[in-house]
Structures are given as structure tokens and as C-alpha cells.
Amino acid sequence: MNFDFTDDQQAIKRTANELLGARFKPDRVRELAESGSYDDDAWKEMSELGWAGIFIDEEHGGQGLGIVELAILTEELGYALAPVPFLSNAAAGLALQFAGTDEQKQRWLPGIASGEARGTVGMLRDGEARLVPDADSAEVIVLISSDGSTAVVEASAADIEPFETMDRTRRFARVRVDGGEPLGGDCFAAGDRIATALSAETVGVAQKAMEMAVEYARDRKQFGRAIGAYQAVSHRCAQMLLEVEGSRSGAYYAAWCADAEPESLPEAASGAKAYSSDAGWRVCASSLQVHGGIGFTWEHDLHFFLKRAKTNALLYGSASEHRERVAAIGLGELESSSAQPVEA
């Protein structure tokens with residue numbers, strides 16, 4: 001069996017890597033992060049390439065591809081730490097594509113696919129969604145609670161309170177709503193695909209942090225030798241590689257399940273999200289240790305990756321919540337399509 005990407009998927013990955021590498025050099029990412037803004041021109045270019053609607057049906061203006069292709073894009077976006085509203089918009093598209101009514105799809109998916117009328121998704125608890133990416137610039141907000149209840153609302157009808165998290169490369173808000181139209185389908189099917197896309201993004205973040213550590217370990221010398229020659233450093237780098245590849249395998253297995261074996265997706269998606277959440281943080285923290293004192297400074301770019309990894313770990317369900325879901329499914333205490341994790 002061939003587990004490699006197809007030629008078309010390889011082309012998507014190559015194009016994304018080249019475009020994002022050119023648009024989001026470290027100085028540009030820092031500039032946008034420190035100003036709390038996004039690169040609107042880059043977002044427009046991505047939308048014109050069809051990225052925003054890569055998984056959305058062609059009848060609604062998308063490319064009609066799959067979750068594997070979406071995961072390829074989110075991994076590259078994480079690798080570049082791109083300050084764009086891609087993830088939030090994709091989450092809304094996934095929620096509406098896989099759980100929306102025909103009317104909801106017709107109303108919202110064309111704008112999401114074109115990138116011109118963006119959406120976002122929040123996980124609702126006690127009447128409030130506390131960590132909603134890009135709610136301040138969205139036109140539609142989809143809220144999902146752990147018991148399966150949902151609400152689709154226009155952003156203008158919601159109470160949106162922007163706030164800063166440690167991740168300055170992405171904007172967040174608290175959202176409160178009164179009412180809203182429910183989704184017509186299975187919100188858990190959508191939530192599993194959202195978790196998969198986010199897991200792939202965290203893989204990209206961890207991959208870049210690992211590469212930064214390896215490059216530094218090759219260049220930095222102590223006592224006449226590159227620090228990577230010392231076991232304390234080389235073993236840490238090897239562990240980073242193990243965790244990055246483990247995260248990647250989990251994320252792409254979940255993406256494959258979404259496209260080819262959806263009955264296996266709930267366990268696969270929660271497993272991928274749990275593993276990548278922990279591994280993403282550990283890899284970035286280990287990279288910081290390899291860098292030594294310089295890694296702790298604001299002037300070094302590594303802290304942007306570490307903060308994105310930590311925030312991703314909490315977004316759309318923590319590692320512990322997803323592990324509990326996998327365990328409950330395995331023990332037969334929970335239907336595999338039930339109980340979406342929410343943020344604490």
C-alpha cells in the first residue's frame with residue numbers, strides 16, 4: 001500500500017511551502033504579531049488559489065477535494081506560522097459542509113469558500129465560547145457544545161469581546177449569544193474534522209521548532225565542538241523527531257479516515273489532537289532548551305512557535321479531554337460519534 005501523497009497533493013504541498021515561505025519570513029511574522037494584525041494581501045492570494053474552499057463542494061464554490069488536502073495546507077500554514085484567518089474560516093466551512101442544512105450551506109459556504117465572508121467556530125460552555133479565533137472579523141459564527149447542541153448566528157447578533165492570548169499571531173475573542181439557528185446535521189462529524197485540521201497545523205509548528213533546534217545545534221560550538229555532538233543535545237533532538245513524526249502520522253491517519261473510513265474518524269481525530277497537543281508543546285519546549293539562553297529572549301523567534309503550540313493545545317478541546325473521549329469510546333461508554341470535547 002502506498003502511503004505517500006499523490007502527485008496533486010505533492011503539488012499542493014510544494015506550492016504552499018513556497019508561497020508561505022516567501023510571504024511570511026520571520027521579520028514579517030514578527031511585524032504582524034507585534035501589531036496584532038493579519039496580512040490581508042496574502043489572505044487574498046490564498047483565497048484566489050482556492051485554499052479557503054479546498055474541501056468545500058464545487059456546487060458551493062469550493063474545489064471539492066478532501067481533508068487530506070486540507071491537512072497539507074494547515075501543516076504548511078503552521079510551519080510558516082502564517083498570521084492569516086485560515087483555520088477559523090476552515091473550521092466554519094467544515095461545520096457547515098458536514099453538519100449544515102441545505103439552506104445554511106447555500107447561504108454561507110460560497111463566502112467561506114471565496115474567503116470574502118469568513119466564519120469561525122467556538123466551543124460553547126455555560127452560555128459562552130471562551131476561545132473563538134477571529135470572531136471579531138467573521139460574518140458567521142458556529143457554536144458547538146459538548147452535548148451536541150449548536151447555534152449558527154450572524155456575528156452582528158453576537159456579543160463579541162476581543163482579548164489577547166499568549167499567541168499574538170492569531171486573534172481571539174469571547175462570544176456570547178442568545179438563540180441562533182441550530183445546525184441540521186451531526187456536529188461531531190464536523191468537530192472531528194476541525195480537530196484533525198488543527199492537529200496538522202500543530203505538526204507544522206513542531207516541525208519548524210525542531211528544525212530551528214537542529215540548525216542551532218549544528219552551528220553553535222562549545223569547547224571546539226558543535227553542541228549537537230553532545231548526547232544531552234543529540235538525544236533531545238532525536239526525541240523531538242520521534243514526537244513530530246508521531247504527530248504527523250496521527251494527523252494524516254485521521255485525515256485519511258475522514259475521507260475514506262469515516263466510522264474510524266472519532267477515535268483517530270481525538271487521538272491525533274491529544275498526541276499533537278502534548279507533543280507540539282514538548283517539541284517547542286525542547287527546542288528552547290537546545291537554544292539555551294538565547295531561546296528565552298523576546299528577540300528570538302522561537303517563542304512565537306511555542307506560544308502557538310500551547311494555544312493550539314487548548315483550542316477545540318485539550319489533550320486530556322480528547323484522551324478521555326478516546327478511552328470512553330474504547331470502553332463502550334460512549335458512542336463514537338458523541339461528546340465533542342470543549343475548552344475548559
Original post:
How long are the semi-axes of the ellipsoid equivalent to the range 84-201, from square roots of 5 times the Cα gyration tensor eigenvalues, in whole Å, largest first?
Top reply: 19, 16, 14
Original post:
Per-residue HN-Hα couplings for the range 67-72, Karplus 6.51 cos²θ - 1.76 cosθ + 1.60 at θ = phi - 60°, whole Hz, x for Gly and Pro?
Top reply: 6, 4, 5, 5, 4, 4
Original post:
What order do you get for 42-50, 5-13, 324-332 when each peptide is scored by the mean count of other beta carbon atoms within 10 Å, highest first?
Top reply: 42-50, 324-332, 5-13
Subject >> Considering only the chain, percent of DSSP beta bridges that pair antiparallel, nearest 5 >> reply: 75
Original post:
Past the 23 Å Cα-Cα mark, which pairs from Lys221/Lys307; Lys13/Lys44; Lys44/Lys307; Lys13/Lys221?
Top reply: Lys221/Lys307; Lys44/Lys307; Lys13/Lys221
Original post:
Once the Cβ-Cβ distance between Asp102 and Asp147 is put in as r, and R0 is 25 Å, what FRET efficiency do you end up with, to the nearest 0.05?
Top reply: 0.55
Original post:
Given a Förster radius of 25 Å and the C-beta distance between Gln231 and His300 as r, what FRET efficiency does 1/(1 + (r/R0)^6) yield to the nearest 0.05?
Top reply: 0.55
Original post:
Ranked by Cβ crowding within 10 angstrom, fewest neighbours first, how are Trp51, Trp256 ordered?
Top reply: Trp256, Trp51
**OP:** Putting +1 on Lys and Arg Cβ atoms and -1 on Asp and Glu Cβ atoms, find which of Gln207, Ser287, Leu70 reaches farthest to the positive end of the dipole of the chain.
**Re:** Ser287
**OP:** In debye, nearest 20, what is the charge dipole magnitude of the range 187-330 about its Cα centre with +1 on Lys and Arg Cβ and -1 on Asp and Glu Cβ, if you could check?
**Re:** 620
Original post:
For Arg118, Arg125, what ranking results if the residue with the fewest other Cβ atoms within 10 Å of its Cβ goes first?
Top reply: Arg125, Arg118
Original post:
Most exposed first by the Cβ proxy, i.e. fewest other Cβ within 10 Å, how do Ser247, Ser114 rank?
Top reply: Ser114, Ser247
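For Ala22 and Glu261, calculate 0.36 nm times their separation in residues minus their Cα-Cα distance, and state this gained length in nm to one decimal.
Once the chain is fully extended between Ala22 and Glu261, it gains 82.4 nm.
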Subject >> Positive-end extreme of charge dipole, the chain - chosen from Leu109, Leu315, Ala255 (charges on Cβ) >> reply: Leu315
**OP:** Work the Kirkwood hydrodynamic radius out for the range 241-344: mean of 1/r over every pair of different alpha-carbon atoms, inverted, in Å.
**Re:** 14.7
Subject >> Rg/Rh (Cα only; Kirkwood hydrodynamic radius) as it applies to the chain >> reply: 0.97
Original post:
Roughly what would the spin-label model give for Phe5 and Asp136, points 7 Å off Cα along C-beta, in nm?
Top reply: 3.3
**OP:** State the answer as a single residue: which of Thr6, Leu20, Gly122 lies farthest towards the positive end of the charge dipole of the range 1-133, with beta carbon charges of +1 for Lys and Arg and -1 for Asp and Glu, about the Cα centre.
**Re:** Gly122
**OP:** Report the label-to-label distance for Ser156 and Glu128 in nanometres (one decimal), using points 7 Å from each Cα along the Cα→Cβ vector.
**Re:** 2.6
Original post:
Pairing the Cα long axis of helix 319-330 with the longest principal axis of the chain, what angle in degrees results, from 0 to 90 and rounded to the nearest 10?
Top reply: 60
Original post:
Between the helical axis of 231-260 and the dominant principal axis of the chain, each derived from Cα atoms, what acute angle in degrees is found, rounded to the nearest 10?
Top reply: 20
Original post:
Mean 1/r over all different Cα pairs, inverted: what Kirkwood radius does the range 193-252 give, in Å?
Top reply: 12.4
**OP:** Report, to the nearest 10°, how far helix 265-291 tilts away from the longest principal axis of the Cα atoms in the chain, using its own Cα long axis and a range of 0 to 90°.
**Re:** 30
Original post:
What does the charge dipole of the chain about its Cα centre add up to, to the nearest 20 debye, if the Cβ of each Lys and Arg holds +1 and the Cβ of each Asp and Glu holds -1?
Top reply: 1700
Subject >> Chain lengthening between Arg176 and Glu59 when straightened (0.36 nm per residue, less Cα-Cα) >> reply: 38.9 nm
Original post:
For Gln222 and Thr165 in the same chain, what is the full-extension length gain: residue separation times 0.36 nm, less their Cα-Cα distance, in nm?
Top reply: 16.8 nm
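Computed from the coordinates by the stated procedures, all read-outs in this text should not be read as laboratory data. These numbers were taken from a predicted model, which means no experiment stands behind them. For neighbour counting, all protein chains shown are included, and Cβ atoms are generated from backbone atoms with ideal geometry for every residue, glycine included.
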